[in-house]
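Heads up, the thing below is written out as structure tokens.
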């Protein structure tokens, strides 16, 4: 089974060691953590914006609150876009992920078809 475009393409599946599989999983988990950080930042901007609008009378502070709301949506869009791009790049490299047999010696339905 050849993994085209993968940094491990020159090695056979038997030559890959557990460290390689774990590195791929760490990368996938790091991508998930980054998405969660974007979501956390989005929620912070939303809560801050609503708080500024509701609890302050200053036009400047209220304007800042209103500017936080679309900024939160931009942060979320950027986070989702970057997550999707990285996920597809990892899939192209064969980095594994949910639903893939990525442990050494693991057997998948794809192996049966070959």
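Each value in this text was obtained by applying a stated rule to the coordinates, not by laboratory testing. It should be emphasised that the depicted structure is a prediction, and the values quoted were computed from it without experimental measurement. We place every Cβ from the backbone using ideal geometry, glycine too, and count neighbours over all the protein chains shown.
Sort 53-61, 72-80 by the packing proxy (mean of other Cβ within 10 Å over each peptide's residues), most packed first.
So the order, starting with the most tightly packed, is 72-80, 53-61.
Report the label-to-label distance for residue 62 and residue 32 in nanometres (one decimal), using points 7 Å from each Cα along the Cα→Cβ vector.
Here the modelled spin labels are 4.4 nm apart.
Taking neighbour counts of Cβ atoms within 10 Å as a proxy for exposure, in what order, fewest first, do 26, 87 appear?
Final ranking by Cβ density, sparse to dense: 26, 87.
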